[in-house]
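This report refers to the structure that appears directly beneath it.
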Amino acid sequence: MYRYILRRSLSGILLILAVSLATFFLMFAGGDPATRMAGESGSMADVIRIRQAYGFDRPIIVQYLSWLGGFVTGDLGRSLYFDMPVSAILVERMLTTMRLGAWAILLAIAIGVPLGVAAGCRPNTKVDRFALLFAVVGQAMPTFWFALLLVIAFSVTYPILPSSGLDSWKHYIMPMVVLSYFAAPAIMRLTRSGMISVLDTDYIRTARAMGIVPHKILLKYALRNALIPVVSLAAAQFGYMLAGSVVVESVFAIHGAGRLAWESILRSDLPVIQALVLCFSLFYIVLTFLADVVNAWLDPRMRIA
């Protein structure tokens, strides 16, 4: 197990370095960054001054190593729009998005896994058809449209929930439901297909023939193996919630990392965009690593893969 964790850690570090290299060169994707920062009205003297201030006049490899070293030590540069350290902006915004995403993925798992188990144990029944209908509607419904429906229903027609901000636990309910309803159908469908496949295996039939009680077969033998792909999916969905929360945060006026990414793109705030892309990628890589470790614990055969 320790050897497997070490292998996955090394591959994760290499992937993080590759992502950091690609993220760094985003600064130069649209041409000279100093010229873009100076704007259309900027003079050549302004461009030269910006190059010297931000170190664009240094060799490219020196700039990359300096930027990567700053990221490791928490120095992410200075925002061009807010005129303050990027790290100060990012910490607050990322914590907001992570709290919302964590509650949403927990709700999605709490809904999707039990519903998938029930549907997988009783295929082609009313429970199964309801679960499939739940999945189809959830995957077909646009996120922003569902969010607006909830606002109209519970903030306008029946004003029982606040529609903006995250000042209290009530503010979390609607954005959490919107994010979770996007992830729950995929979790439900994968749990359902996993349960159907596992319950049809020889070792489950053997356990039944040995007289083991049904709930022990279901929880100890079937569900453990059926959840292996669900763990990876849940980690991927959580990563998507962190990186793709811009729609929900915009609808509910939440000042999180997703909305910050959108605002930074509109304002061409390159240091903030770089930091956000690398942070989102880092979280996704870490989540995938943790999911692989959990799967290796659930299924020892994966440790030698």
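Quick notes
- Filtered by the rule that a residue be exposed (fewer than 14 other Cβ atoms within 10 Å of the Cβ) and hydrophobic (A, V, I, L, M, F, W, C), segment 98-147 gives 110, 130, 133, 136, 137, 140, 144, 145.
- Within segment 248-262, tally of residues that are surrounded by fewer than 21 Cβ atoms within 10 Å (Cβ to Cβ), touching a residue at least 60 places away in the same chain (Cβ under 8 Å) and of a type in the set (A, V, I, L, M, F, W, C): 1
- Criterion (of a type outside the set (Val, Ile, Thr), more than 14 Å from the chain's Cα centre (by Cα) and more than 23 Å from residue 93 (Cα to Cα)) met by exactly one of 255, 215: 215
- Among the residues of segment 72-97, those identified as crowded, with 18+ Cβ neighbours inside 10 Å and touching a Ser or Thr at 6+ places or on another chain (Cβ under 7 Å) are 76, 86, 89, 97.
- Index of the failed condition, residue 13 passing every other in (1) open to solvent by less than 70 Å² (accessible area, probe 1.4 Å); (2) closer than 26 Å to residue 91 by Cβ; (3) within 26 Å of the chain's Cα centre (by Cα); (4) at pLDDT 75 or above: (1)
- Qualifying residue in segment 224-244 (condition: among the aromatic types (Phe, Trp, Tyr), over 30 Å from residue 54 (Cβ atoms), open to solvent by 10 Å² or more (accessible area, probe 1.4 Å) and within 14 Å of the chain's Cα centre (by Cα)): yes
- Scanning segment 212-222 for residues that are assigned to a helix (DSSP H, G or I) and open to solvent by 30 Å² or more (accessible area, probe 1.4 Å), we see that the one that is farthest from residue 258 (Cα to Cα) is 214.
- Answer residue from segment 263-279, given it is of a type in the set (D, E, K, R) and either within 18 Å of residue 250 (Cα to Cα) or open to solvent by 30 Å² or more (accessible area, probe 1.4 Å) (or both) and is farthest from the chain's Cα centre (by Cα) among those: 267
- Near pairs, Cβ below 7 angstrom, 6+ apart or cross-chain, from segment 155-169 (farther than 13 Å from residue 100 by Cα and in contact (Cβ under 8 Å) with a residue 40 or more places away in the chain) to any residue that is outside any helix (DSSP H, G or I) and open to solvent by less than 60 Å² (accessible area, probe 1.4 Å): 163/252; 164/252; 164/253
- Applying the set (1) farther than 30 Å from residue 149 by Cα; (2) touching a residue at least 24 places away in the same chain (Cβ under 8 Å); (3) open to solvent by less than 70 Å² (accessible area, probe 1.4 Å) to residue 186 leaves exactly one unmet item: (1).
The values are calculated or read from the model by the stated rules, or taken from the named source; none is laboratory data. Just so we're clear, the structure is a prediction, and the values are computed from it rather than from any experiment. Neighbour counts run over all protein chains shown; Cβ positions are idealised from the backbone, glycine included. To get the accessible areas, we keep the full protein, side chains included, count just its heavy atoms, and leave off ligands, DNA and RNA. Shrake-Rupley method; radii C 1.70, N 1.55, O 1.52, S 1.80 Å.
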